[in-house]
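Accompanying notes for the structure given below.
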Amino acid sequence: EAILTEVGAFEIHAILPSSTGPGDYLLEVRNEAGKSKSIAIRVSQQNPGIVTTTNINGGLASAEVLGEVPARLRMTAPAHPGATLSILAAGFGPIAASDHEAPEEQALLENAELVIAGRALPVRYAGRYPGKAGFDRLLVDLPDDEQLALGCYVPVSLRTGDLVSNAAF
């Protein structure tokens with residue numbers, strides 16, 4: 001039983017409980033009127049990804065530029081060299097705490113890197129997003145140098161070991 005967080009006309013958001021083991025499953029939606037057609041899904045132990053504002057691969061990363069007043073990353077409000085980014089992510093793996101409640105900060109990925117236009121930057125924190133049930137978070141300090149790629153569509157991805165996440169910009 002997934003934990004429903006949002007139900008709309010065209011999409012449903014839910015948290016897959018940490019107690020769900022890796023493997024192949026059939027997913028269906030049920031309500032008092034019946035159930036949907038089943039679709040096959042594969043659950044991995046870990047499959048890190050960057051959440052985008054469009055919920056599709058290659059979209060704008062759902063992120064904030066941290067400061068005295070955090071600012072949502074937008075096409076008209078980009079990050080700049082020297083800034084610290086907080087990037088919304090998911091798929092870092094199961095936790096021992098309740099999936100129903102907003103978690104405490106808990107690092108889950110070691111040696112994670114944010115790859116920006118081919119340049120790997122160390123991730124300061126890669127773990128549960130405190131106060132946001134079902135989500136993970138990356139904290140990355142952007143270098144203040146001329147080698148940092150600039151522009152509206154700078155590609156980014158998360159790399160941890162042999163795993164590389166979806167693309168975002």
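Return yes or no: is residue 84 open to solvent by 60 Å² or more (accessible area, probe 1.4 Å) and at pLDDT 90 or above? Working first, answer last.
Values: open to solvent by 60 Å² or more (accessible area, probe 1.4 Å): no; at pLDDT 90 or above: yes.
Spelling it out, it is not the case that residue 84 is open to solvent by 60 Å² or more (accessible area, probe 1.4 Å) and at pLDDT 90 or above.
Scanning the range 107-157 for residues that are loosely packed, with under 12 Cβ neighbours inside 10 Å and of a type in the set (Phe, Trp, Tyr) yields a single hit, 153.
Total residues in the range 15-44 satisfying the condition of being open to solvent by 40 Å² or more (accessible area, probe 1.4 Å), part of a strand (DSSP E or B) and of a type in the set (A, V, I, L, M, F, W, C): the figure is 5.
Looking at the structure I just gave you, is residue 57 more than 24 Å from residue 125 (Cα to Cα) and exposed (fewer than 15 other Cβ atoms within 10 Å of the Cβ)? Working first, answer last.
On the way: more than 24 Å from residue 125 (Cα to Cα): no; exposed (fewer than 15 other Cβ atoms within 10 Å of the Cβ): yes.
Criteria not met by residue 57.
Among the criteria (1) in contact (Cβ under 8 Å) with a residue 60 or more places away in the chain; (2) open to solvent by 50 Å² or more (accessible area, probe 1.4 Å), the one residue 160 does not fulfil is (2).
A quick yes/no check of all residues on (1) over 25 Å from residue 167 (Cα atoms); (2) free of Cβ contacts under 8 Å to residues at least 24 places away in the same chain:
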{"site": "3", "(1), (2)": "yes, no"}
{"site": "15", "(1), (2)": "no, no"}
{"site": "28", "(1), (2)": "yes, yes"}
{"site": "33", "(1), (2)": "yes, yes"}
{"site": "49", "(1), (2)": "no, no"}
{"site": "53", "(1), (2)": "no, yes"}
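Return yes or no: is residue 145 acidic (Asp, Glu), at pLDDT 90 or above and farther than 30 Å from residue 4 by Cα? It is false that residue 145 is acidic (Asp, Glu), at pLDDT 90 or above and farther than 30 Å from residue 4 by Cα.
Table: residues versus (1) assigned to a loop (DSSP other than H, G, I, E, B); (2) open to solvent by 80 Å² or more (accessible area, probe 1.4 Å).
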| position | (1), (2) |
| --- | --- |
| 13 | no, no |
| 46 | yes, no |
| 65 | no, no |
| 97 | yes, no |
| 101 | yes, yes |
| 105 | yes, yes |
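A residue that is over 30 Å from residue 144 (Cα atoms) and modelled with pLDDT under 95 can be found somewhere in the range 46-53. Cβ-Cβ distances below 6 Å connect the following pairs, each with a first residue in the range 120-148 that is part of a loop (DSSP other than H, G, I, E, B), a second residue that is crowded, with 18+ Cβ neighbours inside 10 Å and of a type in the set (Ser, Thr, Tyr), and a separation of six or more residues or different chains: 135/129.
The values are calculated or read from the model by the stated rules, or taken from the named source; none is laboratory data. Please read all numbers here as calculations on a predicted model, not as lab measurements. Cβ sites come from the backbone with ideal geometry, for glycine too, and all protein chains shown count toward neighbours. The area values use the complete protein model at the heavy-atom level, side chains included, leaving out ligands, DNA and RNA. Shrake-Rupley method; radii C 1.70, N 1.55, O 1.52, S 1.80 Å.
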